[in-house]
Amino acid sequence: MLKTLRKALSSSAGRAALEFLLVLALGMAFNADGAFFKLGTHRDTLRQASVYGILACGMTMVVITGGIDLSVGSILGVSAVSFSILTMHMDWPWPAAVLACVLLGAALGGVSGGLVARAKLQPFIATLAMQYFARGLAKYITGGKKISTYVTAKSGEVVIKELPSIFKDIDSRILWGNLSIVSVIFFVCIAVAWVFLARHKWGRELYSVGGNEEAARLSGVPVRMTKFLAYAFAGIMCAVAGIAQAAQETQGDPEAGKDYEVIAIAMVVIGGTSLSGGRGSMGLTLLGILTIGYLQKILSINAVPEAWRLMVTGVIVVLAVLTQRRRAK
Amino acid sequence: MRRIGKAWACALVVAALFAMGASAQAKWTIGMSQCNLGEPWRVQMNADIKGEADKHPEIKMVFKDAQNDTLIQRSHVEEFISAKVNLIIISPKEAQPLAEPVSKAMAAGIPVIVLDRDIIGENYTQFIGADNKKIGKAVGEWLVRKYGGKGATIVELMGLQTSTPGQDRHNGFIEAIRGSDLKVIFQADCKWLEPDARKEMESALARYKRIDVVYGHNDPSAHGAFLAAQSVGREKGMAFVGIDSLPHEGIAYVKQGILTATFQYPTGGDVAVVEALKVLGGQKVAKRIVLGSRIFTADNVAAGGEPLK
């Protein structure tokens with residue numbers, strides 16, 4: 001018994017699973033008059049973690065190359081407002097709008113990737129610059145206002161348009177109301193990222209670039225391309241997250257996604273993916289996403305005051321990362 | 001190095017041309033320093049100022065955005081002083097650090113109108129603002145009139161509780177419902193953010209079977225709560241009340257039947273321009289103007305709401 005436990009804890013995955021179980025135990029202890037045991041609570045937890053989770057998928061790729069992407073929240077914002085303008089105001093069919101947002105996300109992520117891979121800027125600087133630029137872009141596109149179904153017609157008259165059905169569809173639920181579509185989108189992102197990372201040549205190249213860039217170059221890995229693609233992939237994930245965010249808010253907010261990059265990074269790191277690169281996996285990130293998602297929910301159903309939420313979250317993040325470090329060397 | 005010098009020279013010439021072109025026609029220039037254009041309510045304030053100023057060709061507005069940074073806003077005032085504008089409108093980020101630059105402007109003979117948030121001391125021409133505590137109290141009184149005797153359970157989705165507007169909207173409200181049979185059963189600091197409000201409302205819904213009223217400290221919070229209730233089919237019979245009444249937010253939500261009521265927190269932008277013209281014309285103005293508020297409900301929204309007493 002003790003031996004199996006020790007064996008389980010000797011892997012990053014085992015430790016990440018333990019963290020998650022401990023947070024679940026916390027929820028059972030502080031169950032807010034039984035609210036924690038309701039199915040709806042878990043459905044909502046999963047839905048609330050989904051947007052962060054989608055960002056964390058892209059973030060994992062970047063972190064494995066030894067980089068970091070601070071621009072994910074801002075690119076999410078650009079995508080949310082673009083999607084809202086295209087569908088609400090310009091009446092584009094939704095597949096075209098999705099495609100446009102994904103291309104835009106890939107382009108913005110690609111610029112960061114190009115700056116890191118080709119111009120050799122440090123990822124922190126390149127993506128910090130992109131964070132500013134993309135936030136500015138979101139504000140420029142919208143004129144600083146939220147994009148809603150309430151539009152000013154050419155005559156100057158203000159009309160309330162019908163909410164495009166895609167917004168309701170993304171924010172709806174399947175399996176007799178027990179699984180949000182937003183969560184389904186999140187699972188698809190996780191699956192796609194997992195296939196790339198664990199089964200594709202590009203995934204192996206990501207690890208080798210993050211592990212030792214010089215060795216990777218000498219063994220013929222296209223280092224620049226590999227890095228560039230990691231940031232472009234993160235950009236696409238931001239675009240998807242932005243669409244999911246807009247659908248849930250029924251509007252495009254130019255401030256959407258502010259500070260989300262910090263949560264996405266915390267999710268990746270808590271799972272056990274190393275910030276110094278070369279180590280980590282999608283499974284670990286999934287556990288990290290669930291751990292943080294559940295922690296937020298447990299604090300919320302217990303109506304814990306803001307000051308305590310921040311302190312508890314800080315302490316738990318540190319504990320989790322310390323646990324991960326113990327035998328990881 | 002020489003090339004860089006040339007680029008600088010070009011930039012200077014261009015900037016000078018712009019400056020000259022700008023000061024060509026209008027009789028008076030008014031500098032407006034906004035503390036943070038990241039908030040839709042403040043975007044609306046600037047729009048209100050611009051809307052009113054466009055009616056008066058004799059004035060020219062110069063807008064600056066401090067991006068939520070006190071020191072940037074401080075330098076705005078200094079820039080306006082050295083540009084010798086005729087009047088400054090400032091919506092300050094903080095009371096203490098901006099008092100000094102404002103008094104410097106006054107000393108330089110430039111009148112200053114302080115909009116929305118007050119500054120420490122009295123060294124300005126005029127203060128224009130609304131009273132958050134009064135509005136919070138009005139929300140409470142309105143709900144007591146609506147639910148008093150029947151009893152009601154309330155979810156309060158608060159604005160940032162480290163900010164004065166958030167505290168005032170809470171304190172005024174609590175004061176008004178004290179002693180009545182209305183009870184706050186769940187409250188959370190949603191920091192004015194709609195996604196946060198939706199999450200907190202979901203928690204409240206999971207925890208409580210009966211929720212009669214949701215009081216959001218701003219309209220987006222009430223809207224987020226509505227979406228949460230709607231997704232579990234519990235929005236009917238629940239009242240959603242918000243504050244701010246921006247045309248594209250609260251008022252639109254009332255028109256769509258999403259919010260039961262929204263209480264206006266006026267920007268005062270239009271009033272500021274009218275008062276500025278009086279000051280520039282040499283008239284004497286009141287030291288303080290407290291803006292009135294309006295309530296918008298399904299019944300009166302088409303008619304432009306009703307003023308609060």
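The values are calculated or read from the model by the stated rules, or taken from the named source; none is laboratory data. Predicted model only: the values in this text are computed from it and were never measured. Glycine gets a Cβ as well: all are built from the backbone with ideal geometry, and neighbour counts include every protein chain shown.
Does A:LEU104 count as more than 14 Å from chain B (Cβ to nearest Cβ) and either under 29 Å from A:PRO164 (Cβ atoms) or not small (Gly, Ala, Ser) (or both)?
yes
Among A:THR87, A:THR127, which is away from every other protein chain (no Cβ under 14 Å), part of a helix (DSSP H, G or I) and either at pLDDT below 95 or more than 22 Å from the chain's Cα centre (by Cα) (or both)? I'd like the intermediate steps shown before the answer.
Working: A:THR127 fails: either at pLDDT below 95 or more than 22 Å from the chain's Cα centre (by Cα) (or both).
Exactly one of A:THR87, A:THR127 is away from every other protein chain (no Cβ under 14 Å), part of a helix (DSSP H, G or I) and either at pLDDT below 95 or more than 22 Å from the chain's Cα centre (by Cα) (or both), namely A:THR87.
Within the stretch B:175-218, restricting attention to residues that are without any contact (Cβ under 8 Å) to a residue 24 or more places away in the chain and not basic (Lys, Arg), which residue is surrounded by the fewest Cβ atoms within 10 Å (Cβ to Cβ)?
B:GLY179
Consider the stretch A:166-191. How many of its residues are more than 12 Å from chain B (Cβ to nearest Cβ), closer than 15 Å to A:GLN248 by Cβ and loosely packed, with under 14 Cβ neighbours inside 10 Å?
Number satisfying all stated conditions: 1.
Of all the residues that make up the stretch A:293-310, how many are hydrophobic (A, V, I, L, M, F, W, C) and either modelled with pLDDT of 95 or more or part of a loop (DSSP other than H, G, I, E, B) (or both)?
From the stretch A:293-310, those hydrophobic (A, V, I, L, M, F, W, C) are A:295, A:298-299, A:301, A:303-304, A:307-308, A:310; that's our starting set.
So of that shortlist, the ones also either modelled with pLDDT of 95 or more or part of a loop (DSSP other than H, G, I, E, B) (or both) come out as A:303-304.
Adding up the residues that qualify gives 2.
From the set of residues in the stretch A:67-95 that are aliphatic (A, V, I, L, M) and in contact with a strand residue (DSSP E or B) (Cβ under 7 Å, 6 or more places away or on another chain), which is surrounded by the fewest Cβ atoms within 10 Å (Cβ to Cβ)?
Looking only at the stretch A:67-95, we keep the residues that are aliphatic (A, V, I, L, M), and these are A:68, A:70, A:72, A:75-76, A:78, A:80-81, A:85-86, A:88, A:90.
The next check asks that each one be in contact with a strand residue (DSSP E or B) (Cβ under 7 Å, 6 or more places away or on another chain); those that pass are A:80-81, A:85, A:88.
On the way: A:ALA80: 34, A:VAL81: 28, A:ILE85: 17, A:MET88: 24.
Only one residue fits best here, namely A:ILE85.
Quick one: in the stretch A:192-251, which of the residues that are within 14 Å of another protein chain (Cβ to nearest Cβ) and in a loop (DSSP other than H, G, I, E, B) is surrounded by the most Cβ atoms within 10 Å (Cβ to Cβ)?
Looking only at the stretch A:192-251, we keep the residues that are within 14 Å of another protein chain (Cβ to nearest Cβ), and these are A:241-242, A:244-251.
From what is left, the residues that are in a loop (DSSP other than H, G, I, E, B) are A:250-251.
Numbers: A:THR250: 21, A:GLN251: 25.
Per the stated criteria, the residue is A:GLN251.
Looking at (1) away from chain B (no Cβ under 14 Å); (2) touching a residue at least 40 places away in the same chain (Cβ under 8 Å); (3) over 19 Å from the mean Cα position of the chain (by Cα); (4) surrounded by 15 or more Cβ atoms within 10 Å (Cβ to Cβ), which is the only condition A:GLY144 fails?
The number of the failed condition is (1).
Which ones in the stretch A:27-42 are out of contact with any Gly (no Cβ under 8 Å at 6 or more places or on another chain) and in a helix (DSSP H, G or I)?
The first filter runs over the stretch A:27-42 and keeps only residues out of contact with any Gly (no Cβ under 8 Å at 6 or more places or on another chain), leaving A:27-35, A:37-42.
Scanning the stretch A:27-42 gives A:GLY27, A:MET28, A:ALA29, A:ALA35, A:PHE37, A:LEU39, A:GLY40, A:THR41, A:HIS42.
For a quick check of your reading: which helices (runs of 4 or more DSSP H) sit entirely within the stretch B:219-309 and have at least 1 residues that are in contact with a helix residue (DSSP H, G or I) (Cβ under 7 Å, 6 or more places away or on another chain) and in the same structural domain as B:ALA53 (by TED's automatic domain parsing)?
Numbers: elements: B:219-231, B:250-255, B:269-280.
By residue number, B:269-280.
Taking A:LEU137 as meeting all but one of (1) surrounded by 12 or more Cβ atoms within 10 Å (Cβ to Cβ); (2) under 22 Å from the mean Cα position of the chain (by Cα); (3) over 16 Å from A:LEU76 (Cα atoms), write down the number of the exception.
(3) is the only condition that A:LEU137 fails.
In the list B:TYR124, B:TYR147, which residue meets the criterion of being more than 14 Å from chain A (Cβ to nearest Cβ), on the phi < 0 side of the Ramachandran plot, of a type in the set (Ser, Thr, Tyr) and in contact (Cβ under 8 Å) with a residue 60 or more places away in the chain? So that I can check it myself, show each step before the final result.
Details: B:TYR124 fails: in contact (Cβ under 8 Å) with a residue 60 or more places away in the chain.
Exactly one residue qualifies, and that residue is B:TYR147.
Suppose we keep only residues that are assigned to a helix (DSSP H, G or I) and more than 12 Å from the chain's Cα centre (by Cα) within the stretch A:261-281. Which one would you say is surrounded by the fewest Cβ atoms within 10 Å (Cβ to Cβ)? I'd like the intermediate steps shown before the answer.
Applying the first criterion (assigned to a helix (DSSP H, G or I)) to the stretch A:261-281 yields A:261-271.
Still in the list and also more than 12 Å from the chain's Cα centre (by Cα): A:269-271.
Details: A:VAL269: 22, A:ILE270: 28, A:GLY271: 30.
Taking the candidates together, the pick is A:VAL269.
How many residues are in a helix (DSSP H, G or I), closer than 23 Å to A:LEU39 by Cα and not small (Gly, Ala, Ser) when one looks only at the stretch B:191-217? Before the answer, list the steps.
If we filter the stretch B:191-217 for residues that are in a helix (DSSP H, G or I), which is where we start, we get B:194-207.
Now drop any that are not closer than 23 Å to A:LEU39 by Cα, which leaves B:195-207.
Now narrow it down to the ones that are not small (Gly, Ala, Ser): B:195-196, B:198-202, B:205, B:207.
Residues flagged as in a helix (DSSP H, G or I), closer than 23 Å to A:LEU39 by Cα and not small (Gly, Ala, Ser) within the stretch B:191-217 amount to 9.
With the condition kept exactly as written, say whether any residue in the stretch A:6-26 is facing another protein chain (nearest Cβ under 10 Å) and in a helix (DSSP H, G or I).
Quick first cut of the stretch A:6-26, residues facing another protein chain (nearest Cβ under 10 Å) only: none.
The answer is no, given that none of the residues of the stretch A:6-26 is facing another protein chain (nearest Cβ under 10 Å) and in a helix (DSSP H, G or I).
Find all pairs meeting these conditions: Cβ atoms under 8 angstrom apart; at least six residues apart or on different chains; first residue within the stretch A:279-305 and within 14 Å of chain B (Cβ to nearest Cβ); second residue aromatic (Phe, Trp, Tyr) and assigned to a helix (DSSP H, G or I).
Taking only residues 6 or more apart or on different chains, the pairs are A:ILE292/A:TYR52; A:GLY293/A:TYR52; A:TYR294/A:PHE20; A:ILE298/A:PHE36; A:LEU299/A:TRP308; A:ILE301/A:PHE36.
Looking at the structure I just gave you, is A:LYS154 over 21 Å from the mean Cα position of the chain (by Cα) and within 14 Å of chain B (Cβ to nearest Cβ)? Spell out the reasoning first.
Values: over 21 Å from the mean Cα position of the chain (by Cα): yes; within 14 Å of chain B (Cβ to nearest Cβ): no.
Here the answer is no, as A:LYS154 does not meet what is asked.
Which one is surrounded by the fewest Cβ atoms within 10 Å (Cβ to Cβ) among residues in the stretch B:151-166 that are away from chain A (no Cβ under 13 Å) and either over 23 Å from A:ALA35 (Cβ atoms) or among the polar types (S, T, N, Q) (or both)?
If we take residues in the stretch B:151-166 being away from chain A (no Cβ under 13 Å) and either over 23 Å from A:ALA35 (Cβ atoms) or among the polar types (S, T, N, Q) (or both), then B:THR164 is surrounded by the fewest Cβ atoms within 10 Å (Cβ to Cβ).
Being crowded, with 22+ Cβ neighbours inside 10 Å and farther than 30 Å from A:TYR150 by Cβ is the filter here; which residues of the stretch A:107-126 pass it? Step through it out loud before you land on a result.
From the stretch A:107-126, those crowded, with 22+ Cβ neighbours inside 10 Å are A:108-109, A:112-113, A:116-117, A:123, A:126; that's our starting set.
Passing the criteria: A:GLY109, A:SER112, A:GLY113, A:VAL116, A:ALA117, A:PRO123, A:ALA126.
Residue under question is A:ILE64, and the condition is that it be touching a Cys at 6+ places or on another chain (Cβ under 9 Å), buried (at least 20 other Cβ atoms within 10 Å of the Cβ), more than 26 Å from A:LEU299 (Cβ to Cβ) and more than 14 Å from every other protein chain (Cβ to nearest Cβ); does it hold?
Working: touching a Cys at 6+ places or on another chain (Cβ under 9 Å): no; buried (at least 20 other Cβ atoms within 10 Å of the Cβ): yes; more than 26 Å from A:LEU299 (Cβ to Cβ): yes; more than 14 Å from every other protein chain (Cβ to nearest Cβ): yes.
It is false that A:ILE64 is touching a Cys at 6+ places or on another chain (Cβ under 9 Å), buried (at least 20 other Cβ atoms within 10 Å of the Cβ), more than 26 Å from A:LEU299 (Cβ to Cβ) and more than 14 Å from every other protein chain (Cβ to nearest Cβ).
Is there a residue being touching a Cys at 6+ places or on another chain (Cβ under 9 Å) and part of a loop (DSSP other than H, G, I, E, B) anywhere in the stretch B:129-150? Before the answer, list the steps.
Keep residues of the stretch B:129-150 that are touching a Cys at 6+ places or on another chain (Cβ under 9 Å), which gives none.
Checking the stretch B:129-150: not a single residue is touching a Cys at 6+ places or on another chain (Cβ under 9 Å) and part of a loop (DSSP other than H, G, I, E, B).
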